[in-house]
1. Before anything else, pin down the relative contact order of the chain: Cα pairs under 8 Å, at least 6 apart, normalised by residue count, whole percent.
2. Between residue 50 and residue 120, 0.36 nm times their residue separation minus their Cα-Cα distance comes to what?
3. Only helical DSSP H runs with n ≥ 4 go in: add -39500 (n - 2.57) per run for the chain, normalise by residue count and round the 222 nm mean residue ellipticity to 500 deg cm²/dmol.
4. Any idea how far apart residue 38 and residue 10 come out in nm if each label point goes 7 Å out from Cα toward Cβ?
5. Tilt of helix 60-72 relative to the longest C-alpha principal axis of the chain, in degrees (0 to 90, nearest 10)?
6. Per the Kirkwood formula on distinct C-alpha pairs, the Rh of the chain is how many angstrom?
7. Taking 0.36 nm per intervening residue step and subtracting the Cα-Cα distance, what contour gain separates residue 129 from residue 81 on full extension?
8. For the ranges 163-171, 81-89, what's the packing order if you count other beta-carbon atoms within 10 Å of each residue, average per peptide, and put the highest first?
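Here, each number is a calculation from the coordinates, and none is a lab measurement. Small disclaimer: the values here were computed from a predicted structure and weren't measured. Glycine also receives a Cβ, built like all others from the backbone with ideal geometry; neighbour counts cover every protein chain displayed.
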């Protein structure tokens, strides 16, 4: 009986230790938020007219603001999961996001989300393809975001629309057309 009690106590202690180490490992490296500023295309359109080119270039910062706005509207991801912060990095049409998540409103978790991005008029769509916590990949069955859709035409004046989107290393180039 004493041997069984010692074995059970040791197993409980090891389990608690593993849980504590897992919790410490999943902590965010830096605190992020979902605050964003509204994107102003007017200056870009004025530059476009001065250059006589029907295109607008969105920088990584501007795309980040658009994506954070989209995420802020749906921060409650699924039962027990809330997105509290994000920072996106662009590399062509493969984008990553460092995110802060809150599990059950108590446990902060830092993760990296991977997206493949595509343009299908009228939406720029980012599809979540992988999640990592530090260097460990998390099964998609455990955590997956619905595709993020950004209606780019909503940010342009009415006579203009997006004809095509080109993904470059750290920017997105929008070719425009008359609607």
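1. 21
2. Stretched out fully, the residue 50 to residue 120 stretch lengthens by 22.4 nm.
3. My calculation for the chain gives -8500 deg cm²/dmol from helical runs alone.
4. Taking the simple label geometry, residue 38 and residue 10 are separated by 6.6 nm.
5. Once rounded, one gets 60 degrees.
6. The answer is 18.6 Å.
7. 15.5 nm
8. Values: 163-171: 13.9, 81-89: 18.0.
Highest mean packing first, the order is 81-89, 163-171.
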